[in-house]
Structure formats: structure tokens, C-alpha cells
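Take a look at the structure set out below.
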Amino acid sequence: MFAFSPNFLRVIGVTRCTKAEQGIPVNASLLDHQGSARKVRRFLRGAFFLSCSCVVLILTNLLPAQDSKPRDTRPFSQNSNTELSDAHATWRAYGGAADGAQYSSLHQIDRSNVHKLKKVWSYQTGDDLPYAFNPLVVDDVMYVMARNNSIVALDATTGKEIWTHPIGAKTPLMTNRGIDYWESADRSEHRLLFAADNHLQAIDARTGRTIVDFGNGGSTDLREGLGRDPKTLTLVQSTNPGRIFEDLLILGSATNEEYDSGPGDMRAYSVRTGKLVWSFHTIPHPGEPGYETWPKDAWKTVGGANAWSGMALDSTRGVVYVPTASPKYNFYGANRQGSNLYGNCLLAINARTGKLLWYYQMIHHDIWDYDNAGTPMLTTVQHDGERIAVVAQVTKVGFVWVFNRDTGKPLWPTEERAVPKSDMPGEETWPTQPFPSKPAPFARQRFTVDDLSPYLEPEEKERLRTQILKARNRGLFEPPSTEDTIEMPGNNGGANFGGAAVDPRHGYLYVVSKDLPAMLKLSLADPISKTDSPQVRARSLYQANCERCHLDNLRGAPPAIPSLVGLPTRLSDQQIRTIVTGGKGLMPPFAKLTTEEIDLIISYLADPAAASAHPTANPIPANAGSADLTPAHYKSGFGFMFANSGLSVIAPPWTTLTAYDLNSAEIRWKVPLGEVPELAVRGITNTGSHFPKVNPVVTAGGLIFTGTRDHKVRALDSETGRVLWEAAVDAALEGMPAVYEQAGREYVVFCAAARDSIHAPATPGHPGSATTIHGAYVAFALP
């Protein structure tokens, strides 16, 4: 279909300003201000169609009739097939290429022969640490993470180790889902870039040696330049890598989950020097657009609104598409009244300058931890008779948002709907939230007693039924309160990091999602007084920092939130201190706790009954919760609703894979993904795996490769979702496979090194961590 470029329209005098340039309120300009550009397009399109109609009729009679082949044999992307093949024929970046599409143009392995795949090599990680690393393959070398969080170079054909670079991280904080590769234009320099202990580092990709003239002696402190005292920032880096654009590394951050987290600035660093080149403030500073959507000077104290998940880079346009997370604290926002730009947004940013081109906010004033947790997907679709370059964003809420890549305009109408108002002191929820009219959601967005799992024990089912009927439960945006509050799909449900892949030839999107309801409940912890006995201080510290997730009985909610019962008998005091200060899994770091305070918590874990025998000297005042408590720090645990079995309390399927046609906004198919082995042996199938963070990869061979926590890797037919091949591996999988070619042979490699559950007891579907994990990178190829 014929279309005019923005440059052509400027020549004839028609322009369009972005929302950021106009300073128009949230989500207004791109929906309501089309201007004369659309009129001119319509006029010129009509004239063009009239002049070409005769030619079309003549060609229709001359050309032979087309065969009725499947749609994926007729690519219509605006990019040529050669360009797509060049961009996606290697695996030189996280997600395969700079756009993060999780797509491979290789097609040696296809529907007809995938059943012949065999394991051709494996590389043991050499430890029992969990990994969710997406390997990089450059020329004939693969880069992985193994050997106590070292970066390891392997022969991509044989899996033989070439060199190892120990990172030597003092904490578990590192970019452990992938790393970045850069080479100079003349290919004389080759670098790997990653972050550990909040420092950006660079090593020589050929030798594994530290590049000492990068940053300050080989590293750059990422805590600097954020407008805060670096010593107060416990977490800045993301576990996901950034994106390389020319000689820049564009980085997001993870911050932490607490009130005192750092701001989520987007930043670009020179890959040669390690110096900061540009910053974009996701919590605007005075004079910047969006500053008015926060309390005065919020940028000095409020954190989050960060980009911790994957970013997508359009190298041709020079634009990076950035999904942002919720401001902090996750579940209570009295300290940040307003809509909170640029939290929960999709941002289009000039990759060279850091200038904002457009944005769209999916959730205003988020108090549900509904981050935009997935990489934006870039593709081209046929829409209203035109080919349009689009960016699609999947969310925890279960929506798929699809935007014109150049303007930020949604492809289908959206509606601001009224949502429930919070009655928490000091909280001012936003009165409306945006809902897309299309496509249909991929996740369930409501949870009631009618949705309870049929596999619950009778007494447990009745208890849950009573709890749910009493809970607040008015829908998708029910505000958290001091009463039980249902959240669905849940703050760890919907789509998560790496959970989407796109076929850029056809505009097909594939989404892995999880249905996991949560029960939130806000409370204030007991005040901590130095006049209290050590036992009471220990209990208060546990209540303030641990109880909301691990519960008052220490049992948590395995497998997501481990039980702490008897933890000091399983781990040394130093191991516990490392986890507390550095974080692990879903647990954020608590770096501000002193050694004395951590030791008191350890003493409480060893003997909670001793603390319970001592009264609290300073109980919470009776009026707490009714007085003006705007500065108060209400908190809630994540509230994952697991049954005694360790499975979700909602009826299966717990994990699904949904295929969309973004040309029509229709769902092509939807299937359960994975299974629970203990249920499968009883003949209970089609449940979907439990608690996965699975990253699918789609190929030109008509396949979707993925792996799940049931210790299986699979290939599904991208046209139907039917499993065509599967193989068992020794460990659970979490993360993304890599697809690459060596000497004319196509390989698929999986990282089978995820932990089934962290310090959790054995549960159905989750054998626990008592047994040592034998992690490995496993490569498959045709015979």
C-alpha cells in the first residue's frame, strides 16, 4: 500500500509535533491531534489509487493465479527478506539482535525435521547456582555465564571452554540474563560489557582480560550522577543488559522495591571510555515535561519508574523503545501523588541524544507493581490499507498495546475507564486507567471463588473461599488496603521479562503468560526502639523487613517465597548476610541494614519463640491508620496465592502461550505451555508449567523453541501451537535459548540451570533445592 513519509509531508508544509514537544497532558495529543497530515494523506492516497486502478486491472489479468499457501510463506514486511535475514541470522545480542525480537531467520531446522534433533554437546556450569542466561554467539565463539558467575567463552561448535573471566562480585547483583557485545567499525576492537556490584565493566572479547582504561581502572560506578548520595543507593543496575547503538551502551536500571530506592534514569555510556554521554530522567527534574505529575522535588526522594526489563532498538531510525516500571513504593503512593510520568510508560527515545520523542503511559499512579516487564516487539503490519511500522508492548496486566512506531499513536482505540478509589490515608489514586479495545487480553484479569483450583484440599478450599469472599475484589485495579485485596493477574502474573517473541515477516506476536493471583494487605510494622530488649528488636526487625513476604510463621509461600523455618541450620550466618544485603531471586537487597541488625534477624530465625515471650515496649499508637500518615510507610508482601501443594490456587492452565496476528488484532491460537510432572503421571495434563519465566524464540522454520521448569525443552509449531518435539534435560529452565549457525549447521542451545525453588521444601511440580542442581548449557542440532 502507498504511503507518504514524514519527510515528504514536511516538504509540502504539513508537520506533526510529538506529545513531548507540545507538552500536552497524558495520552492526549496522539489520540486527538491528527492535524492536516491525515487529510493530506487521504487526498494524495485517493489520487494515487485513481491513477493506478487501470494498471492494477491489467496486471490482474496478466499475472498467474496465486496458490492458496499458508500466510507465513508470503512475507510483507517493509524490510526486505535479505535485511531480515542479515539482522536475525546470528545471535550477537540479548534476544538475538538489537531489536530484541527473539526471532531467528534460520530455517534449516523446520517443521518437517525438528523431530530429529539430538543433543550434540553440553557444558556444565560447574556450580549449583541458578542461571537464566541468554548466550551470545559471535563468529565461532559463544559467551555464557557459569563457574560461580564468571563469563566463559566456549567453542560454539563443540562447547569446549576457551577462557574464563571471574567477575568476583561481592554481591549477587549483576547482569545475569545476558551481556552486550561491541566491535569497532574496523573490527580491531571487540568488547563484552556487563555490570556487577553496581559497576559497569568491559573486557576483551578475544582474551577475557579486563580493559583497564575503561572507566576508572576498568569500571564505571553506576550509582554516580543520579542526584543522590551513591552510598545510599543499594541497587542501580538491571539484571538485563542494555542495548549497543554505534559506540554507545544504553542502560536501564533495577533500583529496588523499597521507599528508598534510586531514580530510574535512562543513561548512555561510551563503550570506549565508560563515560556518561546522556541521561533521561524518568522522574522529571524542575523545568522538564512531566515534572507537574509528581509532588514538588519528588526527583530528590522518590525512586523507581525504571527500565529493568529488555529494550528494543530500531537501528535504522536511531530510536530505542524503553518500557518502564512502577514508581516506588510498589503498593502505596502517598509520597508520590499524581500520575507519575514516566512510570509505567513505553518511551521512544533518540538513541544518540537521549531526547524523548513520544511516550504512552499504560498505568497512571501505579500502586499494584504492574511494571512493563517485557521487551517491546518491533514489526510491520497491514493496518487500514497501509503498511505501518509498529511497536507492541505486553504487560503484567495481560494487555497487548500496539503503537505506530513513529508517532506513538495506538493502532486501535483506547478508553480511559473509571476505577475504584483508594481509602488509604494520604493515598490519591488516579480516577481512570487506560484500556485498549484490541487485541483481547492474553491473561485472566479477575479471580473469584468460581476460579479456585480443583486440586485443592477440601479444608484448604473452604478456607480460601471464605477469605476471597471477604476480600476486596472489584476488578483489575482494586487499590491495596489494610484489608485483604485480590490482585489478578497478580504482580508476578501476566507477561514477564523475555516473555514475548515476534515474527517480523508477518506481524505475528507470541506471548508466554502466567496466571498467579495475589492477596495484598497493607500494614505498618512495629516501631523499632533501642530501648527494647534484643529479642524484641529482633522480632521488630523481622516484622519490618521480612514478615510481609515470609509471613509471621516464617513459612513464606514456596516456591516463589521460600520458607525461612530452620534457615540458620541450612545456611551459614555469612551466607544469610550476603543474601540480605545483596538480594536474591525476587527478594530485593536490604543493604541499609547494619551487621548488628542482620545478626538480630538471624537470632530471631533461630528462635522466634524467644522473641515472642517479650512484650514490645513501644506498641503502634491506637490512632495509626486514621491520623495524617502521609509520610508513613505502609507495606504489603507480594501476596502470591499458593496452595499447600506449592501450586497456584487458581484453576489451570497456569501458563499459556498465545499467538496474535497484529495485522487484525486477532488471537490465532492459545495453548497451555508445559506441565507439572507429578500431575501428568496421574493423567492430569494441559495444566501449563508452574511459576515460569519462559522466553520463547520463534524461527523462520515455523518453530517456537522454549523450555520450562518441568525440565523439558520443546519446539512448537508456530502456526498451531502443537508440540512437535521435546527432550528432557537435567535441570529446570528459565530464560531464553539461542539459535545460531556454524559451518552450515543450525544449533539451538538452552540454559538448563534454573533453580526449582530457592531454599524451599519439596512440593508437587517443585522438587525443592535439597538436591544439588547440575546446571548445563545444552546444544541441539540435526544429525
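The values are calculated or read from the model by the stated rules, or taken from the named source; none is laboratory data. It should be emphasised that the depicted structure is a prediction, and the values quoted were computed from it without experimental measurement. Positions of Cβ are generated from backbone atoms using ideal geometry, with glycine treated the same way; all protein chains shown enter the neighbour counts. To get the accessible areas, we keep the full protein, side chains included, count just its heavy atoms, and leave off ligands, DNA and RNA. Shrake-Rupley method; radii C 1.70, N 1.55, O 1.52, S 1.80 Å.
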Completion exercise
Per the filter on the range 697-718, residues within 19 Å of HIS88 (Cβ to Cβ) and touching a residue at least 60 places away in the same chain (Cβ under 8 Å) are VAL697, VAL698, THR699, ALA700, GLY701, GLY702, LEU703, ILE704, THR706, ALA715, SER718
Exercise for the section: Please work out which one of (1) of a type in the set (Ser, Thr, Tyr); (2) at pLDDT 95 or above; (3) surrounded by 18 or more Cβ atoms within 10 Å (Cβ to Cβ) is the condition THR164 fails and give its number. Expected result: (3)
Handout entry: Residue check, THR466 β-branched (Val, Ile, Thr), free of Cβ contacts under 8 Å to residues at least 60 places away in the same chain and surrounded by fewer than 19 Cβ atoms within 10 Å (Cβ to Cβ)
Key = yes
Problem - Residues (buried (at least 19 other Cβ atoms within 10 Å of the Cβ) and assigned to a loop (DSSP other than H, G, I, E, B)) located in the range 170-188 - result: PRO172, LEU173, THR175, ASN176, ARG177, GLY178, ILE179
Fill in the blank from the handout: Residues of the range 114-145 being open to solvent by less than 30 Å² (accessible area, probe 1.4 Å) and part of a loop (DSSP other than H, G, I, E, B), in sequence order, are LEU117, THR125, ASP127, TYR131, ALA132, PHE133, ASN134, PRO135
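Table: residues versus (1) basic (Lys, Arg); (2) open to solvent by less than 40 Å² (accessible area, probe 1.4 Å); (3) assigned to a loop (DSSP other than H, G, I, E, B); (4) on the phi < 0 side of the Ramachandran plot.
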{"residue": "PRO289", "(1), (2), (3), (4)": "no, no, yes, yes"}
{"residue": "LYS296", "(1), (2), (3), (4)": "yes, no, yes, yes"}
{"residue": "TRP299", "(1), (2), (3), (4)": "no, no, no, yes"}
{"residue": "VAL302", "(1), (2), (3), (4)": "no, yes, yes, yes"}
{"residue": "SER309", "(1), (2), (3), (4)": "no, yes, yes, yes"}
{"residue": "LEU313", "(1), (2), (3), (4)": "no, yes, no, yes"}
{"residue": "THR316", "(1), (2), (3), (4)": "no, no, yes, yes"}
{"residue": "ALA325", "(1), (2), (3), (4)": "no, yes, yes, yes"}
Practice task
Give the number of residues within the range 454-477 that are under 27 Å from TYR660 (Cβ atoms) and touching a strand residue (DSSP E or B) at 6+ places or on another chain (Cβ under 7 Å).
Solution key: 1
Fill in the blank from the handout: The lone condition ILE684 fails out of (1) part of a strand (DSSP E or B); (2) of a type in the set (Val, Ile, Thr); (3) more than 25 Å from the chain's Cα centre (by Cα) is (1)
Practice task
Considering only residues that are of a type in the set (Phe, Trp, Tyr) and assigned to a loop (DSSP other than H, G, I, E, B), look in the range 399-442 and name the one that is farthest from LEU662 (Cα to Cα).
Solution key: TRP430
Handout entry: Residue check for GLY218: small (Gly, Ala, Ser), under 24 Å from PHE133 (Cβ atoms) and surrounded by fewer than 20 Cβ atoms within 10 Å (Cβ to Cβ)
Key = yes
Handout entry: Close pairs from the range 560-585: first within 23 Å of LYS693 (Cα to Cα) and in a loop (DSSP other than H, G, I, E, B), partner of a type in the set (A, V, I, L, M, F, W, C) and at pLDDT 80 or above, Cβ under 8 Å, at least 6 apart
Key = ALA560/PHE638; ALA560/PHE640; ALA560/PHE642; SER563/LEU554; GLY583/LEU235
Fill in the blank from the handout: When the range 484-503 is checked residue by residue, the ones that are closer than 22 Å to PRO652 by Cβ and either within 17 Å of the chain's Cα centre (by Cα) or assigned to a loop (DSSP other than H, G, I, E, B) (or both) are MET488, PRO489, GLY490, ASN491, ASN492, GLY493, GLY494, ALA495, ASN496, GLY499, ALA500
Problem - Subset of the range 741-756 [under 16 Å from MET142 (Cα atoms), under 24 Å from the mean Cα position of the chain (by Cα) and not aliphatic (A, V, I, L, M)] - result: PHE750, CYS751
Practice task
Determine if the range 79-93 includes at least one residue that is part of a loop (DSSP other than H, G, I, E, B), among the hydroxyl-bearing types (Ser, Thr, Tyr) and open to solvent by 60 Å² or more (accessible area, probe 1.4 Å).
Solution key: no
Handout entry: Residue list for the range 327-342, filter: surrounded by 24 or more Cβ atoms within 10 Å (Cβ to Cβ) and either on the phi > 0 side of the Ramachandran plot or among the hydrophobic types (A, V, I, L, M, F, W, C) (or both)
Key = PHE331, ASN340, LEU341
Fill in the blank from the handout: Result of the Cβ filter at 9 Å on the range 235-248, keeping first residues that are under 23 Å from ASP186 (Cβ atoms) and partners that are assigned to a loop (DSSP other than H, G, I, E, B) and aromatic (Phe, Trp, Tyr), at least 6 apart or interchain, is ARG243/TYR94
